[in-house]
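This report refers to the structure that appears directly beneath it.
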Amino acid sequence: MMKTTRTNEANTTDWHESAFDIIRGLAAYTGSSLVEGLAEVVARYPDADLGTAFNHKQVGCKIWARDSLFESLGGNFNHIVVLGGWYGVLPAMFFDDNRFNIGMIESVDIDPEVAKVAETLNAGAGERFRAVAQDMYGLDYKTSRPDLVINTSCEHIADLPAWLSLLPRGTQVLLQSNDYFSEPTHINCVPTLEAFKEQTALRHIAFAGALAMKKYTRFMVIGTV
Ligand SMILES: C[S@@+](CC[C@H](N)C(=O)[O-])C[C@H]1O[C@@H](n2cnc3c(N)ncnc32)[C@H](O)[C@@H]1O
């Protein structure tokens, strides 16, 4: 029994080092700044929950967001703010996509532990990326005036209309939520796309859609508050 445990520990250590080598090799092969950043994150922050952040559903929902944004509003933005930005996967995907020309992306998250991971993942963007540890309800959106506000964590936000009311009228937004009620950290799911449209009450909708995953459906609206 003891022997098996020790073998597993050794395998875990070896596997972690191998994962770093494999991802660095993939970065060289693909030339992707995101994959290069991911290798660094694996090396420096072995406890980060990368398996969840980079699972195919999370990545699929963000590819959907990126493509729908490009088709709805184009690819040129001066200043994007991502709320509930977690490990900064979506910004890294934007910087990795040459259809987009983005001056600066700020990723805001209330969890102080995630900023260093997001900064490492987006290191290739240099000064064009910044991770901020703050509550999205405490930001001054009227002074900073971003030209796009993204929140793909609406299911984690207690009072979505109260947060949206902080944004200056005319602000462009991309919002995602889902109907994954059984996940304990999801405190504000919606049952349908119609319910999400009602909850967000955008003045103008450029895109609204639903993406069916195995266990849940993700909803997205792009438009103007
Ligand atoms: C699990 S993650 C993101 C899930 C989502 N599907 C995604 O990847 O876009 C949700 C994030 O929202 C953050 N969050 C929750 N409430 C927040 C608030 N009031 N202000 C800023 N960030 C918040 C959490 O700390 C967490 O990192």
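The values are calculated or read from the model by the stated rules, or taken from the named source; none is laboratory data. It should be emphasised that the depicted structure is a prediction, and the values quoted were computed from it without experimental measurement. Because the Cβ atoms are built from the backbone with ideal geometry, glycine has one as well, and the counts that use them run over all protein chains shown. For accessibility, only protein heavy atoms count, side chains too; no ligands or nucleic acids. Shrake-Rupley method; radii C 1.70, N 1.55, O 1.52, S 1.80 Å.
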Mean Kyte-Doolittle of at least -0.5 plus a Cα span of 18 Å or more along the axis: flag which DSSP H helices in the chain meet both, please.
-> 56-73
Scattering profile of the chain at q = 0.08 Å⁻¹ [log10 I(q)/I(0), Debye over alpha-carbon scatterers] | -0.31
Sort out for me the Cα centre separation of the range 170-209 from the range 38-73, rounded to whole Å.
-> 20
Using the scaling law 2.2 N^0.38 Å as the reference, what is the normalised Cα Rg of the range 54-117?
-> 1.11
In the full protein assembly as shown, how much of residue 22 is accessible to a 1.4 Å probe, in Å² to the nearest 10?
-> 90
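Distances longer than 22 Å among the Cα atoms of the range 1-130: what percent of all pairs is that?
Percent of Cα pairs beyond 22 Å in the range 1-130: 40.
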For residue 165 paired with residue 187, estimate the spin-label separation in nm (one decimal), with each label point 7 Å from Cα along the Cα-to-Cβ line.
-> 1.8
